[in-house]
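A.B. asks: Here you go, one structure.
The values are calculated or read from the model by the stated rules, or taken from the named source; none is laboratory data. Keep in mind it's a predicted model, so treat the numbers as computed, not measured. Because the Cβ atoms are built from the backbone with ideal geometry, glycine has one as well, and the counts that use them run over all protein chains shown. Note: accessible area is taken over every heavy atom of the protein model, side chains too, but ligands, DNA and RNA are not part of it. Shrake-Rupley method; radii C 1.70, N 1.55, O 1.52, S 1.80 Å.
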Amino acid sequence: MEINLPDGSTRKLENGSNGLDLAKSIGSRLAKSAVAVTVDGEQRDLLDTLPENSSVSIITIESEEGLEIMRHTLTAQVLAKALKNLYSDSKLAIGPTIENGFYYDVSTETPISIEDLPRIENEMKRILEKKSNIVKTLHSEKDAKKMFKENEETFKIEIIDDADQAEDFQIYTNVDEDFIDLCRGPHLPNLSFIGAFKLTKVSGAYWKGDSSNEMLTRIYGTAWRSEKELQEHLKSIEEAEKRDHRKIGKDMDLFHFQDEAPGMVFWHPKGWSIYSTLRSYMSDMQKKGDYKEINTPSVIDRKLWEKSGHWDKYRENMFITEIDEEHANEKRVNALKPMNCPGHVQVYNQGIKSYKELPVRLSEFGSCHRYEASGTMHGLMRVRGFTQDDGHIFLTEDQIESETAIFIDLLSKVYADLGFNEFEIKLSTRPEKRVGSDEIWDKAELSLKNAVEKLGLEYRIDEGDGAFYGPKLDFVLTDAIGRKWQCGTLQLDFNLADRLDAQYVAEDGNKYNPVMFHRAILGSFERFIGILIENYSGNLPLWLAPTQVTICSITDEANNYVKEISELLRSNDIRCDSDVRNEKISYKVREHSVSKVPIILAVGKNEVADKTVSVRRLGSDETSVVKLEDFTSSLVQEALAPNK
C-alpha cells in the first residue's frame, strides 16, 4: 500500500503496516523517537494499522505533540496506577493534560493532601522502572462496562454510558502492572519515553464540574522531556509566585476582595489611581482613533437579550433580576449586562445612518457582570464584576480589511506604550453553539482571514473558539517571564445588526444591515491591571505608579521642607506622599521599596540648607543629590503618559 508523507512524497509499505513500520522505513533514528502518528489530521497510536493511501506524519517525543502525549500517558497510566496501589478504595475519574502538565481526578475514602505527593511520586517512579509496554485494545460497550464493573470503577462506567458510541471503546493496558484505563489516546508505546516530572498541588473538583455531584480530589503535576527542562519550569513557577498580583497588591495596598461581594473588586485609593490613569490614557487613545465614547445602562430587560440572542446562548452566565412593577400583572425580568453590544446597537439605531457616515466607531468603559463559579475566580484575573475597554464598529463589507488594519495599528501602539512590543494573533472559528447560517459564517471567517493575510501578519487558527455570533481575532501578549495572556480581541459579526434592526442607507438608496466589529484592546481593566502588576513585579512605569514619589524626612528639622516639596510636586500633577515619622531613614526606604514607590526622596539638614533632594530609585542602591528645581522639571517630563 502507499502512504502520503508531509513533504509530498509517497512510501510503499506492506498491507497492514503501522506507524512504527513507516518510521523504520524512513530511518532508524526516527523510529527510535517515534511515539505516535497523525493520520489524515487525526492523532493515532504508533502501532495502529495505517489506512491505504492515507496522509501520515510521525510524531516524535521531541515535538510539542509528543510532549503532550507523554504527559497524557503519565497521568492516565502511571499516576492513576500509583493512586490505585496506594489507595485501594480509590475510584478513578479523568486524567487530561493541561498547559505544561496534567491532573487526575480521583475519589478516595482517605483524604489526600499535598504532604502525600512525595509518596505518590515515589510510587510512580517505581512503576516507571519497568518501562512497561502500553497496549491498546478495542471493546464493545457491554464488554468495556463489564471490565470496569469488576473493578467498581463507577466513573468510567458513567463515561461509557454518556458516550455516543456502542463499539470501539479504547482501553489501554499497562502490561507489567496489569492496569487498565479507558482513554481517547493516543498514548506512548511504552513508558521508557517518560521524562522528568513533579506533582505540584492538590485541590477539589466536582465530578463533571457540577456542584450537585461528588467532590473529587484533583492531583496536579508537570512533566518535561528532561530534568533540566523540569527545573527551568519549576523556577519559572517560583518567579510567577513572587510576582503574584494578589501578594503585590496587598503590599502596595491596591485592592481587596471579601465574601460579601465574591468576585467583585474593592479598589483602594492607590489601586484606583492605577485604574483611573489607565482609563484616562485609553480614553485619549480612542478619541484620537475617532471613537465616540458613550455609556449604556447596566440593567436591561430580558426582551432585548432575547432579541440579541444572548438570553438563549449566554443566560447561564448572566445575573437575573426580577422587579414588581407597579400595577403590572407579572414581574419584569431584567439582567445585569454581561457585555455591551446590544446597548451600543441601540445608540447606533438613533437616527438614520448613511453609508457616507460609516464606519461609526463607538467606545464605552462598560461595567459588566458575568457569573463565574467560585472555584474558577482568581484575584483580578477572573472576576464577576469588571469593566471592559469595549468598542463596536459599524461598517460595510468593503471596509473590513481597512478597519482591521486601523484597529491592529491602534492596538500595537497601546501595547507598546504599556511595555508589550510583540503579540501573537489567533483566528478563532465557529463554535458549536452559535447563531447565524453556515453561509454567513463562511463569509465572516474568510473576510477576517483575508484581512490579516493582506497585512502580512502571521496567525494561527484556533478551531471552534469563536464567539457565538462570529469569528474573531485574539491578540496574545507575552509577559516578562514568558507567560501568554490573551487580551485584545476583534470579533466580526454579520448577525447582530440584523437581529437588532441596525441599518444604513446605501448609495443605491436601499437599506442594508451594517457589519459589526466587537473589539477590545485591554479586555477588562481588572485583568489587565493584574497582568501589568505581574509583568512589572509591581514596579510600574512612572506614569502609571499610584505613588510616584515619597518624600522622607531624615530629621524633624526637615519636616517643613518635606511639606514644601510635596506642595510643589502636587502643583505639577505628581502623585506624592510624605513620611515624617520618627523612624530611621533606612527603615522608611525599605518600607516604601516594598510598596514599590519608584522614587524616594530623603531630606535632612543639608538638603534644607542647599534646597536639594537626595534621590533614590526603586531597585537601585545609589543615591544622587539634585537641586529641587532641576529635579522637579525633569520629573514632570518623565512622569508624562506616553500619549502626551
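A.B. asks: In Å³ and rounded to a whole number, note down the convex hull volume per residue for the Cα atoms of the stretch 74-199.
C.D. replies: Convex hull of Cα atoms, per residue: 108 Å³.
A.B. asks: Once the principal axes of the Cα atoms of the stretch 155-301 are found, what is the range along each, listed largest first in whole angstroms?
C.D. replies: Result, largest extent first: 65, 49, 38 Å.
A.B. asks: Compute the normalised compactness of the stretch 245-359: alpha-carbon radius of gyration over 2.2 N^0.38 Å, N being the residue count.
C.D. replies: 1.43
A.B. asks: Also, I was wondering about something else. Over the Cα atoms of the stretch 58-118, compute the convex hull volume and normalise it per residue, giving Å³.
C.D. replies: Hull volume normalised by residue count: 94 Å³.
A.B. asks: Roughly speaking, what is the stretch gain from Lys288 to Glu322, that is 0.36 nm per residue apart minus the C-alpha to C-alpha distance, in nm to one decimal?
C.D. replies: Extra length from Lys288 to Glu322 when fully extended: 8.2 nm.
A.B. asks: Could you bin all the Cα-Cα distances of the stretch 1-50 into 10 Å bins starting at 0 and give me the percent of pairs in each, rounded to whole numbers?
C.D. replies: The distribution over the stretch 1-50 is 26, 65, 9, given as percents.
A.B. asks: Return the tail of the calculated pair distribution for the stretch 473-598, meaning the percent of Cα-Cα pairs more than 24 Å apart.
C.D. replies: Everything past 24 Å amounts to 57 percent.
A.B. asks: Additional query: Mean projection of the alpha-carbon convex hull of the stretch 226-280 over all orientations, in nm²?
C.D. replies: Averaging across all directions leaves 5.6 nm² for the Cα convex hull.
A.B. asks: Compute the distance from the alpha-carbon center of the stretch 407-432 to that of the stretch 80-104, in whole Å.
C.D. replies: So the separation of the two Cα centres works out to 37 Å.
A.B. asks: Also, quick follow-up: Report the label-to-label distance for Ala163 and Lys12 in nanometres (one decimal), using points 7 Å from each Cα along the Cα→Cβ vector.
C.D. replies: 3.8
A.B. asks: Let me ask something else. For the stretch 540-644, take the alpha-carbon Rg, divide it by the Kirkwood Rh, and send me Rg/Rh.
C.D. replies: Here the Rg-to-Rh quotient is 0.94.
A.B. asks: Give me the net charge for the shell around Leu490: Cβ to Cβ below 10 angstrom, other residues only, Lys and Arg +1, Asp and Glu -1.
C.D. replies: 0
A.B. asks: Size of the dipole of the chain about the Cα centre, Lys and Arg at +1 and Asp and Glu at -1 on the beta carbon, nothing else charged, in debye to 20?
C.D. replies: Roughly 1300 debye, rounded to the nearest 20.
A.B. asks: Still on this structure: Please report the spacing between the Cα centers of the stretch 3-51 and the stretch 542-569 in Å, no decimals.
C.D. replies: A separation of 71 Å, based on Cα centres.
A.B. asks: Can you give the accessible area of Glu564, probe radius 1.4 Å, in Å² rounded to 10?
C.D. replies: 80
A.B. asks: Throw me the Rg/Rh for the stretch 26-76, computed over C-alpha atoms with Kirkwood Rh, two decimals.
C.D. replies: Taking Rh as the inverse mean 1/r over Cα pairs, Rg/Rh reads 0.97.
A.B. asks: State the answer as a single residue: which of Phe468, Cys341, Ile529 lies farthest towards the positive end of the charge dipole of the chain, with beta carbon charges of +1 for Lys and Arg and -1 for Asp and Glu, about the Cα centre.
C.D. replies: Positive-most Cα among the choices belongs to Ile529.
A.B. asks: Another question, if that's okay. Using the Kirkwood formula over every pair of different C-alpha atoms, what hydrodynamic radius in Å results for the stretch 75-149?
C.D. replies: 13.9
A.B. asks: Measuring from the lowest to the highest alpha carbon on each principal axis, how far does the stretch 1-134 reach, largest first, in angstroms?
C.D. replies: So the three principal-axis extents are 55, 26, 25 Å.
A.B. asks: May I ask you to evaluate 6.51 cos²θ - 1.76 cosθ + 1.60, the Karplus curve with θ = phi - 60°, for each residue of the stretch 421-429 and list the ³J(HN,Hα) values in order in whole Hz, giving x for glycine and proline?
C.D. replies: So the J values, rounded to whole Hz, are 8, 10, 8, 9, 10, 10, 9, 9, 9.
A.B. asks: Still on this structure, please answer the following. Give me P(r) over the stretch 421-486, computed from all C-alpha to C-alpha distances, binned every 5 Å, as integer percentages.
C.D. replies: Reading the bins upward from 0: 4, 17, 25, 21, 15, 10, 5, 2, 0.
A.B. asks: Quick check: the distance between the Cα centres of the stretch 325-378 and the stretch 222-294, to the nearest angstrom?
C.D. replies: Comparing the Cα centres of the stretch 325-378 and the stretch 222-294, I get a distance of 26 Å.
A.B. asks: Another question, then. Around Tyr561, with a cut-off of 9 angstrom between Cβ atoms, what is the net charge of the other residues, counting Lys and Arg +1 and Asp and Glu -1?
C.D. replies: With Lys, Arg at +1 and Asp, Glu at -1, the net is -1.
A.B. asks: With point charges of +1 on the Cβ of Lys and Arg and -1 on the Cβ of Asp and Glu, referenced to the Cα centre of the stretch 358-442, which listed residue (Leu395, Gly385, Leu362) lies farthest in the positive direction of the dipole?
C.D. replies: Of the listed residues, the answer is Gly385.
A.B. asks: Give me the percent of the accessible area of the chain that comes from carbon and sulfur atoms, probe 1.4 Å, all protein chains in place.
C.D. replies: 46
A.B. asks: Here's another thing I want to ask about it. Against the longest principal axis of the chain, how steep is helix 227-242, in degrees 0 to 90 to the nearest 10, with axes from Cα atoms?
C.D. replies: 30
A.B. asks: For the stretch 402-481, run through the trypsin sites (Lys or Arg not before Pro) and keep only the ones in DSSP coil with at most 12 other Cβ atoms within 10 Å of their Cβ.
C.D. replies: Answer by residue number: Lys433.
A.B. asks: Calculate the FRET efficiency for Asn213 and Ile237 from the Cβ-Cβ distance with a Förster distance of 30 Å, rounded to the nearest 0.05.
C.D. replies: With R0 = 30 Å, the Cβ-Cβ based efficiency is 0.50.
A.B. asks: Moving on to the next point. Grab every C-alpha pair in the stretch 130-196, bin the distances at 10 angstrom width from 0 up to the longest one, and report whole percents.
C.D. replies: 20, 50, 25, 6
A.B. asks: Nearest 500 deg cm²/dmol is fine: what mean residue ellipticity at 222 nm does the chain get from its DSSP H runs of n ≥ 4 alone, each adding -39,500 (n - 2.57), divided by its residue count?
C.D. replies: The per-residue figure over the chain is -10000 deg cm²/dmol.
A.B. asks: Which loop-located GluC sites (Glu not before Pro) does the stretch 95-172 contain, where loop means any DSSP state but H, G, I, E or B and the Cβ has at most 12 other Cβ atoms within 10 Å?
C.D. replies: Here the sparse-neighbourhood loop sites are Glu99, Glu109, Glu129, Glu152, Glu167.
A.B. asks: To the nearest 10 degrees, how steeply does helix 438-454 sit against the main Cα axis of the chain, on a 0 to 90 scale?
C.D. replies: In the chain, helix 438-454 runs at an angle near 60 degrees to the longest axis.
A.B. asks: Fully extended, how many nm does the chain gain between Val347 and Asn100 (0.36 nm per residue separation, minus their Cα-Cα distance)?
C.D. replies: Net length gain for the segment: 84.5 nm.
A.B. asks: How much area per residue is accessible in the chain when the probe is 1.4 Å and only protein heavy atoms are counted (Å²)?
C.D. replies: Result: 49 Å² per residue.
A.B. asks: Can you say what percent of the DSSP beta bridges in the chain, counting only those with both residues inside, are antiparallel? Round to 5.
C.D. replies: Antiparallel: roughly 85 percent of the beta bridges in the chain.
A.B. asks: Continuing with the same structure: Report the net charge of residues surrounding Asn15, where surrounding means a beta-carbon distance below 15 angstrom and charges are Lys +1, Arg +1, Asp -1, Glu -1.
C.D. replies: -3
A.B. asks: I've got another one for you. Rounded to two decimals, what is Rg over Rh for the chain when you use alpha-carbon atoms and the Kirkwood radius?
C.D. replies: Rounded to two decimals, Rg over Rh is 1.03.
A.B. asks: Something else about it: Can you run phi through the Karplus equation (6.51, -1.76, 1.60; θ = phi - 60°) for the stretch 512-529 and list ³J(HN,Hα) in whole Hz, with x for Gly and Pro?
C.D. replies: 9, 7, x, 7, 10, 10, 8, 9, 8, 9, 7, x, 10, 4, 4, 5, 5, 5
A.B. asks: Which residue, Leu188, Phe155, Phe169, has the largest displacement toward the positive end of the dipole of the stretch 155-196 when charges sit on each Cβ (Lys, Arg +1; Asp, Glu -1)?
C.D. replies: Leu188
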